[in-house]
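J.: The following block contains the structure, expressed as structure tokens.
Each reported figure results from applying straightforward, stated rules to the coordinates on display, with no laboratory input. The structure presented is a predicted model; accordingly, all values stated were derived computationally and were not measured. Don't worry about glycine lacking a Cβ; one is built from the backbone with ideal geometry, like all the others, and counts go over all protein chains shown.
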């Protein structure tokens with residue numbers, strides 16, 4: 001896959017779009033009314049030309065996939081020199097077709113984790129440069145990755161995956177437990193959130209010394225867990241509740257009594 005091939009495909013789709021314009025126009029107008037999150041101005045800015053998603057019509061998913069393949073080819077260079085190009089490609093792909101959560105998640109991970117490592121390596125690599133410099137690179141790329149995920153949430157407000165990835169970046173890259181805890185809490189309270197998110201939130205509260213909050217959270221969580229679902233890890237949650245009762249020195253008469 002090379003740029004010439006991509007250009008040929010896009011130009012071909014351009015003329016196909018023109019041919020379909022009389023049919024596409026009314027349908028596209030209706031689509032824009034149903035999907036206000038589709039920002040044509042963003043796409044025009046990303047492309048640098050007066051090209052719109054409307055012109056791509058039903059081919060925008062195909063174009064986005066092709067550009068994502070090209071993005072992965074560039075990623076394989078694993079070099080800080082390609083960061084500007086990579087960031088542009090990720091922004092372009094998510095603007096052309098914001099519907100796949102996959103683009104937002106993997107784009108942000110490339111920005112927050114991979115690009116940070118490339119910048120550290122370019123500066124002299126881990127162990128050879130000051131830790132303050134390493135953290136600065138991590139923070140800068142993490143902030144960019146979080147901004148991408150927050151933009152993705154505008155298109156996918158009900159996606160716990162995007163919220164959890166923001167929490168992960170705060171925790172793993174920025175070492176900000178307070179912000180990580182807040183996003184884990186938001187994610188845990190969303191419908192269809194993976195069971196582990198609520199447990200991670202409680203664990204971070206424990207690490208922060210917020211034992212009472214962690215205890216109250218787990219006590220409220222326990223009745224919602226399915227004993228037949230191993231992913232819920234109900235016994236593990238109860239074990240953590242008992243540990244916290246010991247730490248908090250809760251009298252035996254006041255300890256949590258689950259209804260089995």
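J.: How many nm separate the modelled label positions at residue 135 and residue 238, each set 7 Å beyond the Cα in the direction of the Cβ?
T.: So the label points at residue 135 and residue 238 sit 4.2 nm apart.
J.: Moving on. Hey, with R₀ at 41 Å, roughly what FRET efficiency would residue 143 and residue 252 work out to, going by the Cβ-Cβ distance, to 0.05?
T.: Details: r = 48 Å, r/R0 = 1.17.
Plugging the Cβ-Cβ distance into 1/(1 + (r/R0)^6) gives 0.30.
J.: Simple spin-label model, 7 Å along Cα-to-Cβ: residue 126 to residue 101 in nm?
T.: In this crude spin-label approximation the distance works out to 2.9 nm.
J.: Equivalent-ellipsoid semi-axes (√(5λ), Cα gyration tensor) for the stretch 131-200, whole Å, largest first?
T.: Details: eigenvalues 102, 42, 9 Å².
Values for the stretch 131-200, descending: 23, 14, 7 Å.
J.: If you take the beta carbon distance between residue 61 and residue 190 as r and set R0 to 25 Å, what does 1/(1 + (r/R0)^6) give as a FRET efficiency, to the nearest 0.05? Please list the in-between numbers first.
T.: Details: r = 26 Å, r/R0 = 1.04.
Once the sixth-power term is evaluated, E becomes 0.45.
J.: For the stretch 65-212, what class follows from the C-alpha gyration tensor (a ≥ b ≥ c being the square roots of its eigenvalues): rounded when a/c is under 1.5, otherwise prolate if a/b is larger than b/c, else oblate?
T.: Working: a/c = 2.85, a/b = 1.20, b/c = 2.37.
Oblate, since a/c reaches 1.5 and b/c is not below a/b.
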